[in-house]
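Trainee: Okay, here's the structure, questions in a sec.
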Amino acid sequence: MSEPTIEVYENEDRTFAPSAEFTAQANTNDRSLYEEAEADYEAFWARQARELLTWDQDFTEILDWQLPFAKWFADGKLNVSANCLDRHVDAGLGDKVAYYWEGEPGDKITLTYAQLLTEVKKFANVMKGLGLEKGDRVAIYMPMILELPIAMLACTRIGVAHSVIFGGFSADAIVDRCVDADAKLIITADAGYRRGAPALLKPTVDAALEIGAPSVENVIVANRCDTDPAMTEGRDHWWHELMAAASDDCPAEPMDAEQLLYLLYTSGTTAKPKGIMHTTGGYLTQVAFTHKYVFDLKPETDIYWCAADIGWVTGHSYIVYGPLANGCTSVMYEGTPDTPGKDRLWDIAERYGVTQLYTAPTAIRMFMKWGTQEVEKHDLSKLRVLGTVGEPINPEAWMWYHEHIGGENTPIVDTWWQTETGANMITPLPGVTTTKPGSATHPIPGVFMELVDDAGNTVETGGGYLTISRPWPSMLRGIWGNEERYRETYWSTYEGKYFAGDGAKLDDDGYLWLLGRVDDVMNVSGHRISTTEVESALVDHPAVAEAAVVGGTDDITGQAIIGYVILRGTHEASVALGDEIREHVGVKLGKIARPKTVIIVPDLPKTRSGKIMRRLLRDVADGNKLGDTTTLADPAVVAAIADGAASSDED
Ligand code: WTA
């Protein structure tokens, strides 16, 4: 295992206790939830499941734990869309706003709970009409438009599992995911607005189906940008045409608590992404619980905004399922934070009176770079809780968020979790926890984590590997179609414990500091990208003989992808060829995985046993302040690589 790449903030001793004013009104403001969960965590989660959700059939068994397979509330029955929609409408909240949606060009839609329910019922009928049945899988490849949560919720209504594919992914990525999941349907849009222009999606779906995903029988296309895409007769259908003919009568079917809710593919240490499986009852319990207590949600008055993309787990849990289960009003935004101006987020936050904002450290660092004048144009005084997620937050960014967005009196919740964990796992509770800038603080009530050393011994203070020692309701239920890989990836490193893949440190006060991944997974702008996956895409280019990829340090994105390549015999090194190789990765995997820099080198440093010395390559990358380009190995790089190769005992 490699060492964590993020520095440890040894001297961080600033602390921020919640204000008396905040504590007085907080959903929880003492240690009672922790104590309750400590005493009997199963009973604690059962209470949350019953209080936060509505069950068609109550459960008698809380947890069935056959390590590493968990079932929560297994004989209970419930429907996710009924919990997110029908029960609020039945309680008289039909006119309450579910989403204030804003398109990048400035168009706006206000969607109430009653309207959302009608759309969901109709779209569920559309899918039934195309032959979809309980247990089937559908792929969703969409921009941030309201049709996306509508499609997801319609799936849950009839027991179809969705697999949302981030709109920045490539045709190959769509093929891999559809083939792996045997998806019968792809739901997409012609395009979505990004930086003032339509970013096309439907042509990418066409390209994917050209490559081949034989299970896909139909494609539904929402018309967002009027780009007039090619439509294949018999296979492609317009969303609005199908919806115009659909009935809005569609009862929610009670599902087993362990019914598959969704697959979400994420990068691991091998080239093939893993289909992380989440199920119904436990998942919804923990997302609803964390959304209520971590964000101190007051559904009657709050305007909550998670500024993530639904293509990632943060959007699944904290734009769709958590907020809707709790009946709250959310803001949803389609576009980029710098269009039309660099104050777009603050403009939206002011206009809707946003009370909770949930974003990522990479975004905060970008806002810092853009300067406080963008923020000062707007009144952000309604903000009550600020969240961050996706990567370790450096204390400078934390302090900037605290001062310039939070006005120095708004609690910050730094939430550590993963696609696999489904919901927040380590985070302050804003009315309880005294925070330290850069520390995610403590596991939430009902979650039990341990730091261990190489031998698996518990670490009380100091550095170690992060593990989870007891099952939790929203835990992944496996990797789709690959039980062995599930055991191997998460449960084989430390006996009986879930290995998260992150390094962490416990300070003398018992605060956890996350230090980044310890495996071959990079974290670029909070997105997980596998070094192996990028290496495979590099060597897929005909000019490349061998490639090594490392995550270099980047001031804005946290890590940046640096690819070192050796060319095949007859190819001449040139900047143009390097750029072509970079683009090739962009096409193979999607733009987010395109290396920031490709360095063409004569050789790669290897240990005697033939392993590439990534540490050295990372140091070389960090020492050279690389830009957004191709670099032909400069003499310093060659020398460093040669030095490394000469002293090749490092492993
Ligand atoms: C990292 C995103 C430090 C971590 C929800 C984890 C974090 C990976 C934090 C999961 C945080 C996420 N502090 N690191 N607050 N949140 N990470 O699956 O390395 O996209 O393993 O889920 O992001 O990324 P994923």
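The values are calculated or read from the model by the stated rules, or taken from the named source; none is laboratory data. It should be emphasised that the depicted structure is a prediction, and the values quoted were computed from it without experimental measurement. Here the Cβ is made from the backbone with ideal geometry for all residues, glycine too, and neighbour counts use every protein chain on show. When the accessible area is computed, the model is the full protein with side chains, heavy atoms only, and any ligands, DNA or RNA have been set aside. Shrake-Rupley method; radii C 1.70, N 1.55, O 1.52, S 1.80 Å.
Trainee: Which is farthest toward the positive dipole end of the chain among Cys155, Leu538, Leu617, measuring Cα position about the Cα centre, with Cβ charges +1 (Lys, Arg) and -1 (Asp, Glu)?
Mentor: Cys155
Trainee: Which one of Ile220, Ser574, Met368 is farthest out on the positive end of the charge dipole of the chain, using unit charges on Cβ (Lys, Arg +1; Asp, Glu -1) and the Cα centre as origin?
Mentor: Ile220
Trainee: Once you charge only the Cβ atoms, +1 for Lys and Arg and -1 for Asp and Glu, what is the size of the charge dipole of the chain about its Cα centre, to the nearest 20 debye?
Mentor: In total the dipole reaches around 820 debye.
Trainee: Please list, by residue number, every one of the GluC sites (Glu not before Pro) in segment 412-498 that is coil in DSSP and has at most 16 other beta-carbon atoms within 10 Å.
Mentor: Glu460, Glu495
Trainee: How large is the Rg to Rh ratio of segment 151-253 when both quantities use alpha carbon positions and Rh follows Kirkwood?
Mentor: The Rg/Rh ratio comes out at 0.96.
Trainee: Bin all alpha-carbon pair distances of the chain at 10 Å intervals from 0 and give each bin's fraction as a whole percent.
Mentor: 3, 16, 27, 28, 19, 7, 1, 0
Trainee: Rounded, prolate or oblate: which fits segment 86-243 when a ≥ b ≥ c are the square roots of the eigenvalues of the alpha-carbon gyration tensor, with rounded for a/c under 1.5 and prolate only if a/b beats b/c?
Mentor: In terms of gyration-tensor shape, oblate.
Trainee: Return the loop-located chymotrypsin sites (Phe, Trp or Tyr not before Pro) in segment 25-109 (DSSP other than H, G, I, E, B) with at most 14 other Cβ atoms within 10 Å of their own Cβ; answer none if there are none.
Mentor: Answer in residue order: no site qualifies.
Trainee: Defining a contact as two alpha carbons under 8 Å apart and six or more residues distant in sequence, what relative contact order in percent does the chain show?
Mentor: After rounding, I find 14 percent.
Trainee: Given all pairs of different Cα atoms, what value in angstroms does the Kirkwood hydrodynamic radius of segment 475-555 take?
Mentor: Hydrodynamic radius (Kirkwood, Cα pairs) of segment 475-555 is 15.5 Å.
Trainee: Could you tell me what percent of the accessible area of the chain is made up of carbon and sulfur, with a 1.4 Å probe and every protein chain present?
Mentor: In the chain, the share of accessible area belonging to carbon and sulfur is 48 percent.
Trainee: Give the ranking of Val587, Val89, Val320 by solvent-accessible surface, highest area first, calculated with a 1.4 Å probe.
Mentor: Sorted by accessible area, descending: Val587, Val89, Val320.
Trainee: Considering only protein heavy atoms, what per residue accessible area in square angstrom results for segment 309-428 with a 1.4 angstrom probe?
Mentor: Spelled out: the 1.4 Å probe surface of segment 309-428, per residue, equals 26 Å².
Trainee: Please say if segment 476-618 is rounded, prolate or oblate, where rounded means a/c under 1.5 for a ≥ b ≥ c the square roots of the C-alpha gyration tensor eigenvalues, and otherwise the choice is prolate for a/b larger than b/c and oblate otherwise?
Mentor: Prolate.
Trainee: How large is the translational diffusion coefficient of segment 64-170 in µm² per second when you combine the Kirkwood radius over alpha carbon pairs with Stokes-Einstein at 20 °C and 1.002 mPa s?
Mentor: Calculated translational D: 138 µm²/s.
Trainee: Over segment 539-613, with the other protein chains present, what is the accessible area per residue in square angstrom, probe 1.4 angstrom?
Mentor: That works out to 43 Å² per residue.
Trainee: To continue, here is another question. Hand me the GluC sites (Glu not before Pro) from segment 171-276 located in a DSSP loop with no more than 12 other Cβ atoms within 10 Å, in residue order please.
Mentor: Glu233
Trainee: Shifting gears a bit: Checking the a/c ratio against 1.5 first, then a/b against b/c, what shape does the Cα gyration tensor give for segment 216-364?
Mentor: rounded
Trainee: Based on the Cα atoms of segment 296-433, what semi-axes does the equivalent ellipsoid have, where each is the square root of 5 times one gyration tensor eigenvalue, given in whole Å with the largest first?
Mentor: Its equivalent ellipsoid spans semi-axes of 21, 17, 16 Å.
Trainee: Between Ser81, Ala189, Ala252, whose Cα lies farthest towards the positive end of the dipole of the chain when Lys and Arg beta carbons carry +1 and Asp and Glu beta carbons carry -1, centred on the Cα centre?
Mentor: The one lying farthest along the dipole's positive direction is Ala189.
Trainee: Hey, what's segment 78-176 come to in accessible area per residue, 1.4 Å probe, Å²?
Mentor: Ligands and nucleic acids excluded, the result is 27 Å² per residue.
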